[in-house]
1. Mind ordering 55-62, 178-185, 120-127, 43-50 by average Cβ neighbours within 10 Å, highest first?
2. Could you give the length gained by full extension between D74 and D8, i.e. 0.36 nm per residue of separation minus their alpha carbon distance, to one decimal place?
3. Do you know the relative contact order of the stretch 103-171, to the nearest whole percent, from alpha carbon pairs under 8 angstrom that are 6+ apart?
Amino acid sequence: MHIDFQTDDGTGRCSLAARSEATDRALPAAALLLDAAPLTTDPDRVAVAGAILFADHSGGELAFSWPITEAVADAVYTAMGLRITHAVASAAQGPEPTSPAPPTQATTLSVDASTSLGGPTPGIDRTRLRLVPGERFQGALYGVKEAVIASNAWLLATYLDPARVHLAAGVLFAHDFLAQGIEIDGALGVSATMPAGAQQLCAAVGLDLR
């Protein structure tokens, strides 16, 4: 399975998609579409997001359109049993992020699927990413410590594990929120459905899955 990550400078949107290596075609319902792209894009974190999202449908192998470090490739293998077939860089020659990593990672990023725009601002050392249905909303709304982004996560979650879909989005946006920790709304069934090895994968890119 080949994982692609693309951003559209014209619309500001981004997509994390999977396609079959054998047929070079996109897989059914295999793209996470977001109406906003992360401000900071780290290749290793994008790779981890792709592995979390598509691991169960990969056939045991993943390939990426960008290089990742050996450390993350090893984590993908040990945590989820997936072999990286190509696009791996050595740690000494690892990929440069498109934007610098944040100087301080101090918040816990909470990811949820609520459509409510009310409620209190996240508390001390906490931030929030809310994914709302793209069939109902468009674009993104940014607050001081939170963001509401329209996406197809609601649709993708009918084919894939809902907790997995939202965790992948959280990993993509973690840098933007200066996140050190990440947690998924319990309503998405984390305890029963979170993929094995997800905590180890998150740790490989400096995130504590809580």
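Bear in mind that the values in this text are calculations on the coordinates, not laboratory data. Predicted model, so just to flag it, every value in this text is computed and none were measured. Reconstructed Cβ throughout: ideal geometry from the backbone, glycine too, with neighbour counts over all protein chains shown.
1. In decreasing order of mean packing, 55-62, 178-185, 120-127, 43-50 become 43-50, 178-185, 55-62, 120-127.
2. Stretched out fully, the D74 to D8 stretch lengthens by 20.7 nm.
3. RCO, the stretch 103-171: 28 percent.
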